[in-house]
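The values are calculated or read from the model by the stated rules, or taken from the named source; none is laboratory data. These numbers were taken from a predicted model, which means no experiment stands behind them. A quick note on method: Cβ atoms are made from the backbone with ideal geometry, for glycine too, and the neighbour counts reach across all protein chains shown. Accessible surface is based on the protein model in full, side chains and every heavy atom, while ligands, DNA and RNA are left aside. Shrake-Rupley method; radii C 1.70, N 1.55, O 1.52, S 1.80 Å.
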Amino acid sequence: MYRFPEGFVWGAATASYQIEGSPLADGAGESIWHRFSHTEGNTHNGETGDVACDHYRRYREDVALMKELGLKAYRFSISWPRVLPEGKGRINPKGLDFYDRLVDELLENGIEPFATIYHWDLPGALHDLGGWINPEIEHWFADYAAVLFLRLGDRVKRWITLNEPWCSAHLGYVTGHHAPGLRDQWAGLRAAHHLLLAHAAAVEVYRASGLQGQIGITVNINATHAGDDAPETLAVVRRVDTYNTRFFLEPLFKGSYPEELAQHFGRAWPKVTAGDLERIAQPMDFLGINYYTRLIFAKDPATGTVRQVKSTAPYTDMGWEVYPEGLYEVLKRVHEMAGPLPLYVTENGAAFPDRIRPDGTVSDPERTDYLRQHFIQAHRCIQDGIPLAGYFVWSLMDNFEWAFGYSKRFGVVHVDFETQKRTVKESGRFFSRVIAQNGLDAES
Ligand code: IFM
C-alpha cells in the first residue's frame, strides 16, 4: 500500500481559456488566445475556445462532479480580460463575479480553491502595448493581482502567480506555436524576464495586503537526459536544460540567471539589474511543478548531429514519453535547490485516445496506468523526505489543448463536445478511489 500523509492535497487542474467558453460574455475583453485561435492556420482545424467545455455556464455542474470525485482541491485560472477588459484600469464587475461565485461554490462543496492568476490569456489590449515585452507589464500584472486579492483573498488561500512562464515566453514569443504567435528570440528573452518580474510584483502586493494565505509560482520541468556520453550530446543536454529549466529555477532560488544564457544570447540578452534578481528571488510559500515527460538527446551516428530520440517506453498522444521516474528526479532536483519549501505537483497527466463503450462508459487504461505510476513516484518522493504537499491531475476534463484544439484528450472526465455531456472515465474512478483511500495499492 502506498499511503500518503494525512492532509495530502489531491486535486485536479484546468485553465480559463481551455474550459470556460463564452470568452467575450458579460463585457469581457479579447484575450491573445481568442485572437490567435480566430486567426487561420494557428490551431488544429481552426478550433477555438469559444465554447470549450462551456464551464462559464456549467460551473455548478462541474463543481458537483469534482465533489463526486472526492477532490480536496481544484486548481483553476482566472481570465485577466474577463476581470479587466482593457487589461488595466476599468474593472468588469460581471467578470469578477463569475470567479466569486465559483470560489463560493467550491467552498460550499468542501473543495479548496487554488487560483492561478495567469495561465496564458493575456488581454489583447495589453498585447497591443507590447504585452510581455513591455517592461510596464509588471505593474499591470500587480494591479490585476491586487484586484483579485481584494475580492477573493478572504476565501482563496493559495495563489499561483503564473503558469509555466517558459511556455508563455518561448512558445508565445520565440516559436510562435502559442499566442501571441511571435517568432522572435529577442522578444522571448524579455518576455521571460518580465514574467519573472511580474511574479515578484504580485508576491509583493500579496505580502503588502496582509492576507494570510500562500503564494507561489508554477514551472514546467522535463527530465532531460543524454542517450550517449558524447561530449556534443552532453553539451546539448546542458543547453536545453539551461534554457528550459535553469532559466527559471535559478533566478527564483539562487537570485541569478545561469551565466551561460547571457553568453549564449550575447547582444540579445536583456539588461538585468541586481535589484531585479533580488525581487525575483524573494521568498514564496510553495512551488508548483508541472511534470509530464522526459527529453532524450543522442548523437546520430550517420550524420554526427545531436537530435532528440525516443526510448522503447510507451508514448502518449502528444508524442511524450511515459517516464514516471522523471517525476522523482525532477522533484528531488527542485528540493535540493529549494530546501524545505513545500512542493505541489500542479499538473501531471496524459493525452490518450478514449474508448467509449456501447453502454456509454469510457475506457482509458493507458491514462489510469500513467497516473498510477506517477502516484507511486510521488509516494517515493515523500518517503525520501521531499516535502510534496499535493498533486493535481491535468486535467479535470477534456478541453481545448491550445494549438491542438480538441484533438488531444487529457481529462479524467470525458467531454462530448457536441452535447457537453460529462462522463467520468475509468481513470477518474481510479483517481477517486486513490483520494478516498489517500493512497493506492497494486490492485487500486
Ligand atoms: O494543457 C496544458 C496546460 O495548459 C499547461 N500545461 C501542459 C498542459 C498539457 O499540454
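Dipole check for the chain: with +1 at the C-beta of Lys and Arg, -1 at the C-beta of Asp and Glu, and the Cα centre as origin, the magnitude is about 340 Debye. Dipole of region 259-397 computed with +1 at Lys/Arg Cβ and -1 at Asp/Glu Cβ about the Cα centre; of Val309, Thr346, Phe286, farthest Cα towards the positive end is Val309.
For the peptides 58-68, 414-424, 400-410, the ranking by mean Cβ contacts within 10 Å, running from highest to lowest, is 400-410, 58-68, 414-424. For the chain, the share of accessible area belonging to carbon and sulfur comes to 51 percent (1.4 Å probe, ligands and nucleic acids excluded). Here the 3J(HN,Hα) profile of region 376-381, calculated from phi with Karplus coefficients 6.51, -1.76 and 1.60 at θ = phi - 60°, is 5, 5, 5, 4, 4, 4 Hz, Gly and Pro shown as x. Take every DSSP beta bridge whose two residues both sit in the chain, then give the antiparallel share in percent to the nearest 5. Among the beta bridges of the chain, antiparallel pairing accounts for roughly 25 percent. Ordering Asn92, Pro123, Ala64 by Cα displacement along the dipole of region 57-143 toward the positive end leaves Ala64 in first place; charges were set at the Cβ atoms of Lys, Arg (+1) and Asp, Glu (-1).
With a simple spin-label model that places each label point 7 Å from the Cα along the Cα-to-Cβ direction, the separation between Leu107 and Trp186 comes to 4.8 nm. In this rough spin-label picture, where each label sits 7 Å from Cα along the Cβ direction, the Trp269-Thr312 distance is 4.3 nm. Cα centroids of region 197-220 and region 336-350: 17 Å apart. A simple rule links phi to the HN-Hα coupling: the Karplus curve 6.51 cos²θ - 1.76 cosθ + 1.60 with θ = phi - 60°, which for region 127-144 gives 4, 4, 9, x, x, 6, 7, 7, x, 5, 4, 4, 6, 4, 5, 4, 5, 4 Hz, with x for Gly and Pro. Can you give me the Cα centroid spacing of region 397-420 and region 50-65 in angstrom? Region 397-420 and region 50-65 have Cα centres separated by 13 Å. The overall shape of the chain, judged from the alpha-carbon gyration tensor, is rounded, with an a/c ratio under 1.5. Heavy-atom accessible surface of region 245-285, averaged per residue, reaches 51 Å², computed with a 1.4 Å probe.
Summing charges over neighbours of Lys299, with a neighbour being any other residue whose Cβ is under 12 Å away from its Cβ, gives -3 when K and R count +1 and D and E count -1.
Residue-normalised convex hull volume from the C-alpha trace of region 169-233: 145 Å³ per residue.
Note on Asp300/Glu336: beta-carbon distance plugged into 1/(1 + (r/R0)^6) with R0 of 51 Å gives a FRET efficiency of 0.95.
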